[in-house]
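Scroll down for the structure; my scribbles are underneath it.
The values are calculated or read from the model by the stated rules, or taken from the named source; none is laboratory data. Keep in mind that what you see is a predicted model, and the values were worked out from it rather than measured. Using ideal geometry, Cβ is built from the backbone for each residue, glycine included, and neighbour counts are taken over all protein chains shown. Please note that ligands, DNA and RNA were not included when accessible areas were found on the heavy atoms of the full protein model with its side chains. Shrake-Rupley method; radii C 1.70, N 1.55, O 1.52, S 1.80 Å.
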Amino acid sequence: MDEDLRIIISGGGTGGHIFPAVSIANAIRAKHPEAKILFVGAEGRMEMQRVPAAGYEIKGLPIKGFDRAHKLNNISVLCKLVKSLRMARAIIREFRPQVAVGVGGYASGATLYECSKMGIPCLIQEQNSYAGVTNKLLAKRVRKICVAYEGMQRFFPADKIIMTGNPVRQNVLATPMSVEEARRSFGLQPDRKTILFVGGSLGARTVNRSIMEHLDLVAGTDVQIIWQTGKYYSESIAGFMRGKELPNLKIMDFISDMGAAYKAADLVVSRAGASSISEFQLIGKPVILVPSPNVAEDHQTKNAMALVNKDAALCVRDAEAPDTLLRLALETVADDARLASLAENVRKMGLHNSADVIADEVLKLI
């Protein structure tokens, strides 16, 4: 293999896309410390901060998605697309990569399209059970397609598909704490059933409402609840809860050690993002999924149903969650046989060492 190993990784837009991309880069660098890795992202999106924080260089494209509600705005979108393609060509010519990796998102589409035109071998990773538009458009141009769910041949050429799973955060898997220690770290009783409600780093309004509107149920149970509100909602919820504090309700705007939070919990309530689901599969954690309705092609519902159909998770529709979610969570956490069944079934779906497997596939293309 050429000592001057150069790889472009492109995509992002959400935390769920960025983390796997960085994990793949870390796995490649672990195998080849001399590798030069350049990220290409979309200006103004989360990857432009997260990637440099992880120690990698990133270049931004002005690319944006089409505005279906205001079609006249798409004139500027098309102009930015043309400019992004031109910029991507210039970046590729200057960097001279031997291979390109895409993880979805608009920047990934422009970058891998130009790489494929130049004869640079490309690989894409599809994290969800329902393929995104960018990856579906790129499928004919790439050599390999790494997926995390069965049945993806309905979107991609079957001979290109490799079942790899999604990379997950290593600190989630490797926490040294016992269940009791994890609960104590949150100021909770070590011997009581515990539910973790989490809506992502910014929070989820529906998940938060499911607790706020039913504090009487929380007050009437011995079950402990860790409630991650998200930073966006933290101030308003702090005001709402003033004078309503409950000893079995631990409220946090952000949880830095998700490994400890998962370890403390008998049951998790979560959105149905691909990265989170992969974590639940690897740690074998019973989960109630509340798919976000605000994502492209309703892919979180499709992710959730891939588990529900194997009796590996429960699912509550976003519109129904404020009324039913908390009661269902309390009923489920009290049923030890149900918890054990969910844990066993979700663990069976886990695919280990995904970042290493994907990195190996990337390196085979060089």
Residue tally, condition within 18 Å of Leu328 (Cα to Cα) and over 22 Å from the mean Cα position of the chain (by Cα), over region 217-242: 9
Hits in region 156-187 (condition: of a type in the set (A, V, I, L, M, F, W, C), assigned to a loop (DSSP other than H, G, I, E, B) and touching a Lys or Arg at 6+ places or on another chain (Cβ under 6 Å)): Met177, Phe186
Matching residues in region 45-56 - criterion: being open to solvent by 20 Å² or more (accessible area, probe 1.4 Å) and either under 22 Å from Lys80 (Cα atoms) or under 17 Å from the mean Cα position of the chain (by Cα) (or both): Arg45, Met46, Met48, Gln49, Arg50, Ala54
Strands (runs of 3 or more DSSP E) (entirely within region 215-276) containing at least 2 residues that are of a type outside the set (A, V, I, L, M) and open to solvent by less than 50 Å² (accessible area, probe 1.4 Å): 224-228
Search result, residues across region 108-131 that are within 30 Å of Met349 (Cβ to Cβ) and part of a helix (DSSP H, G or I): Ser108, Gly109, Leu112
Conditions (1) modelled with pLDDT under 95; (2) open to solvent by less than 10 Å² (accessible area, probe 1.4 Å): number failed by Leu289: (1)
Any hit, region 149-167, residues being out of contact with any strand residue (DSSP E or B) (no Cβ under 9 Å at 6 or more places or on another chain) and under 24 Å from Glu279 (Cα atoms): yes
Top-ranked residue in region 192-214 [being part of a helix (DSSP H, G or I) and over 14 Å from Lys250 (Cβ atoms); ranked as modelled with the lowest pLDDT]: Arg205
Search result, residues across region 321-356 that are more than 20 Å from Leu196 (Cβ to Cβ) and surrounded by fewer than 19 Cβ atoms within 10 Å (Cβ to Cβ): Asp323, Ala337, Lys348, Leu351, His352, Asn353, Asp356
